[in-house]
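The values are calculated or read from the model by the stated rules, or taken from the named source; none is laboratory data. Because the structure is a prediction, the values reported are computed rather than measured. Heads up, the Cβs are rebuilt from the backbone with ideal geometry, glycines too, and the neighbour counts pull from every protein chain shown.
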Amino acid sequence: MKLVKLIANLGYGSRKEVTAMFREGRITNAQGEVLYADDQVAHHEIRLDDEPLDPPSGLLLMLHKPIGYTCSTKDQGELIYDLLPPRFRLRSPAVSSIGRLDRDTSGLLLMTDDGVLLHRISSPKHKLAKIYEVTLARDLQGNEAEIFASGKLQLVSEREPLAPAQMTVINSRQARLTLTEGRYHQVRRMFAAVGNHVEALHRPQVGGLTLGDLMVAEWRLLDDADRQQLFAQPAA
Ligand code: URA
């Protein structure tokens, strides 16, 4: 790919703006030698204002989503993209969240520009576990785990019953729920279906990947080891 297009696709500017960056000598190789738009240089060798470029397409990152942020590019209010470098919103291919967490849900949110990876993580066919910690308005009744595990729970306006989900009780008003699908407001609707109400919802883990020491509102790129951990089965 031509260097101007490569750099413009990373969101650093329009092709016209990136062409100007070449003219101004702001784009160099790792040794500080000025590059020209027609040069053939590997992505990792390129520097813009002496800084390495953002990762090429195929990136996967995790964000510790705070409460109050929306998984959208253009809703009103605070958006998950506000927590990333502004140019990430301008990349091509686009970086999007893998599934969504509600505005009032916190936790581990994956984002990628890789459509195959997005499908592999979000498709219920692949049964990747999404683990939620749920705080409830009312005491658990004792039959919820059995109902959720049955594979027969039918939510209002859904055609298919939910896939079996595993619930473990933490205390009378807190539970841990493992889902392998991601229907709209699924956790909140599951507890509504058994006569309860979700007061707080947090996702600490997807597959075998946990938030670790990532603080609220922080994000980090995932490397090969993280990807392996993601696709490993979570500890029961
Ligand atoms: N289920 C919900 O109800 N909300 C979320 O954010 C995620 C799963």
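Of all residues in the stretch 96-105, at least one satisfies being away from the ligand (no atom under 15 Å from the Cβ), assigned by TED's automatic domain parsing to the domain that holds Leu214 and closer than 24 Å to Tyr12 by Cα.
Residues that are among the acidic types (Asp, Glu) and surrounded by 12 or more Cβ atoms within 10 Å (Cβ to Cβ) within the stretch 153-180 comprise just one, Glu158.
Count of the stretch 9-43 residues, restricted to those that are of a type outside the set (Lys, Arg) and free of Cβ contacts under 8 Å to residues at least 12 places away in the same chain, is 11.
Being in contact with a Pro (Cβ under 6 Å, 6 or more places away or on another chain) and either free of Cβ contacts under 8 Å to residues at least 12 places away in the same chain or surrounded by fewer than 17 Cβ atoms within 10 Å (Cβ to Cβ) (or both), is that true of even one residue in the stretch 130-151? Checked the stretch 130-151: at least one residue is in contact with a Pro (Cβ under 6 Å, 6 or more places away or on another chain) and either free of Cβ contacts under 8 Å to residues at least 12 places away in the same chain or surrounded by fewer than 17 Cβ atoms within 10 Å (Cβ to Cβ) (or both). Is it the case, given these coordinates, that Leu101 is part of a loop (DSSP other than H, G, I, E, B) and either touching a residue at least 60 places away in the same chain (Cβ under 8 Å) or hydrophobic (A, V, I, L, M, F, W, C) (or both)? Judged against the criteria, Leu101 is a match. All of Gln154, Gln174 fail the test of being within 16 Å of the ligand (Cβ to nearest atom), polar (S, T, N, Q) and either at pLDDT 95 or above or within 15 Å of Thr105 (Cα to Cα) (or both), apart from Gln174.
Check whether at least one residue in the stretch 131-144 is at pLDDT 95 or above, assigned to a helix (DSSP H, G or I) and under 13 Å from Val187 (Cα atoms), and report yes or no. Yes; the residues of the stretch 131-144 include at least one that is at pLDDT 95 or above, assigned to a helix (DSSP H, G or I) and under 13 Å from Val187 (Cα atoms). Test Glu133 against the criterion of being among the charged types (D, E, K, R) and more than 16 Å from the ligand (Cβ to nearest atom), and give yes or no. No: the conditions fail for Glu133.
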